[in-house]
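Here is the structure we will look at, set down as structure tokens.
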Amino acid sequence: MSIQIVPLGAGQDVGRSCVLVTIKGKNIMFDCGMHMGYNDARRFPDFTYISKTGRFTEILDAVIITHFHLDHCGALPFFTEMCGYDGPIYMTHPTKAICPILLEDYRKITVERKGETNFFTSHMIKDCMKKVIPINLHETIRVDDELEIKAYYAGHVLGAAMFYVRVGNESAVYTGDYNMTPDRHLGSAWIDKVRPDVLITESTYGTTIRDSKRSRERDFLKKVHDCVANGGNVLIPVFALGRAQELCILIESYWERMGLQVPVYFSAGLTERANDYYKLFINWTNQKVKSTFVERNMFDFKHIKAWNRTLLDHQGPMVVFATPGMLNLGTSLEIFKRWAPDPKNMVILPGYCAAGTVGAKVLQNQKIIEVDKFTKIHVNLQVRNLSFSAHADAKGIMQLIRHSEPRNVVLVHGEKGSMDFLKGKIIKELGIPCFNPPNGVSISIKTRLSMKATVSTELLRSFLVADAQSRIKATESSNTDTIGPPRAIPINGTLVMSRDSTNINKTIVKLISNEQFESEFKQQKNQT
């Protein structure tokens, strides 16, 4: 038996996450994102790989969305309303609540500001979300008689989840984006020791081991303070929910502590919406936020005000959090165009910027950036890249792999060089087969062969009792823990192959001496 995996997006790339997994004939599509670096058909995954005739509902058994970031959900209305998929879609409750708002913001910028026509509408977004089936953490949902899925906490952003899927005795875990380090408002990712046949994990920071969180925060605050003290403006491009709240909490506490009067702004409307979401889904935050929420809402900011475009002409220092985080469009790009020529100003990029975005070009120290054929930006301002990304670093990825104990690992959502390095590390240090296929390339991963056997109770009893007792005597007489050849052991009415040690032998004697063993075995025999 084998599991087939093919990335339709995020294969040796960051953006447009979409991974097709086939387990025992069941087809599951994980994530349905768009690519921030493209403004043409390449921004969405190539769904013709699944079907050239639009038979998506017939072919796919489920679509699972891990979180609300557009590179994981941005193509969903296109896939359901324009391509015709009408099957089940699963995501957590916070993701279902936040997705349509970010999708609508993205649609407005693309259609109303940039004038694109072949794009999904507001009505399509609403119709798409009606197809969504919300799932709770640790809730197991049976999609049909064979396929079941379970969600685990991923950290990263509000509502983000890793998903465990199982068909029969074959299983896979898809992590989406996750963070193994708790922060000021979210906890760290956690999953049971599920031992899947394959773990499909992001590898965005596969070659990075971050400094301590405290030193990064101190460095960030010093750079912001120094810039505004010299009369400069600080632009911090962020996505609407996630790092935005983390950095706002940090700035708010520092401004309060230092008694600073320099104005701080956030893209209009988003702070209010974020506040409502965190109130509604307070159980998804970390313990500190939960324990202080009744007395003081950490997301009611005293020093951070709503931004409006008239402030672009405001003279004097200020700090602005603006969306989106990669400077590819929207408010953050508009402000960047205005502030970029002045060397007193600063842009701090706190997260990853996909190739092709303005943010990525800024980090490459390009001094003249061509946004489109009509717009060029002369970049003279100070550029800083401080990693406040909510992705796991190399240490965190290895930690998750060690804990979940997969039989195989597949890397997605990372650049090829970083993937190759991490792949070698996983194979060398953990001895686990690791793969990193590019987009459109299918891989097949062999799984365990499972066999069921029916045997008479009396024969099984007599054989196992005699064998186990002789092994215990032999071990006790030699005073060593001898490991013998594999034997069939009944556990909860199922025969499994195991290489027994003395402890297991003693457990066998105890098990088969229990009357429950015979009744359970008879019950299983009758069912088969």
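Given a 1.4 angstrom probe, I'd like the percentage of the accessible area of region 246-323 that is carbon and sulfur, rounded to a whole number. Don't jump to the answer; show the numbers that get you there.
Numbers: 2120 of 3990 Å².
C and S atoms contribute 53 percent here.
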For 125-135, 410-420, ranked highest to lowest by mean beta-carbon neighbours within 10 Å, the order is 410-420, 125-135
Mean shadow area (nm²) of the C-alpha convex hull around region 63-111 is 3.4
quick shape note, the chain: Cα extents on principal axes in Å, largest first -> 90, 56, 44
Mean accessible area per residue over region 89-195 (1.4 angstrom probe, all protein chains present, square angstrom) is 38
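In nm, what is the difference between 0.36 nm times the number of residues separating Arg309 and Phe463 and their Cα-Cα distance? Working shown, then result.
Working: separation 154, 0.36 × 154 = 55.44 nm, distance 8.20 nm.
The span from Arg309 to Phe463 would gain 47.2 nm if fully extended.
In Å², what does the accessible area per residue of region 416-455 work out to with a 1.4 Å probe?
Working: 2560 Å² over 40 residues.
Here the residues of region 416-455 average 64 Å² of exposed surface.
Hey, can you find the accessible area per residue of region 207-254 for me, probe 1.4 Å, expressed in square angstrom?
With the other protein chains kept in place, region 207-254 gives 38 Å² per residue.
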Per the 1/(1 + (r/R0)^6) rule, R0 = 45 Å and r from the Cβ atoms of Ile432 and Asn380, FRET efficiency to 0.05 is 0.40
In the chain, taking the dipole from +1 charges on Lys and Arg beta carbons and -1 charges on Asp and Glu beta carbons about the Cα centre, the listed residue (Ala355, Pro263, Val383) farthest towards the positive end is Val383
Listed by chain and number, the residues whose amide H is under 5 Å from that of Gly187, excluding neighbours fewer than 5 places away on the same chain and using placed H, are Asn286
Dividing the helical contributions, -39500 (n - 2.57) per DSSP H run of n ≥ 4, by the residues of the chain yields a 222 nm value, nearest 500 deg cm²/dmol, of -10000 deg cm²/dmol
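How long is the gain from Ser122 to Gln261 if the chain were fully straight, where each residue apart is worth 0.36 nm and the alpha carbon distance is subtracted? Don't skip to the answer; put the middle values down first.
Details: separation 139, 0.36 × 139 = 50.04 nm, distance 4.01 nm.
Roughly 46.0 nm would be gained on extension.
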So the FRET efficiency between Tyr38 and Ser291, C-beta based with R0 = 41 Å and rounded to 0.05, is 0.40
In debye to the nearest 20, the charge dipole size for region 239-317, taken about the Cα centre with +1 at each Lys and Arg Cβ and -1 at each Asp and Glu Cβ, equals 120
Filtering trypsin sites (Lys or Arg not before Pro) in region 235-302 by DSSP loop and by at most 10 other Cβ atoms within 10 Å leaves Arg296, Lys302
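Which entries in the list Lys126/Lys288; Lys213/Lys288; Lys131/Lys290; Lys96/Lys423 go over 23 Å, if you measure between the two C-alpha atoms of each? Present the calculation step by step, with values, prior to reporting the outcome.
Numbers: Lys126/Lys288 35 Å; Lys213/Lys288 17 Å; Lys131/Lys290 31 Å; Lys96/Lys423 33 Å.
Going by Cα-Cα distance, Lys126/Lys288; Lys131/Lys290; Lys96/Lys423 fall outside the 23 Å limit.
The values are calculated or read from the model by the stated rules, or taken from the named source; none is laboratory data. Predicted model only: the values in this text are computed from it and were never measured. All Cβ positions, glycine included, derive from the backbone under ideal geometry; neighbour counts span all protein chains shown. Keep in mind that these areas ignore ligands, DNA and RNA; they rest on the heavy atoms of the full protein, side chains included. Shrake-Rupley method; radii C 1.70, N 1.55, O 1.52, S 1.80 Å.
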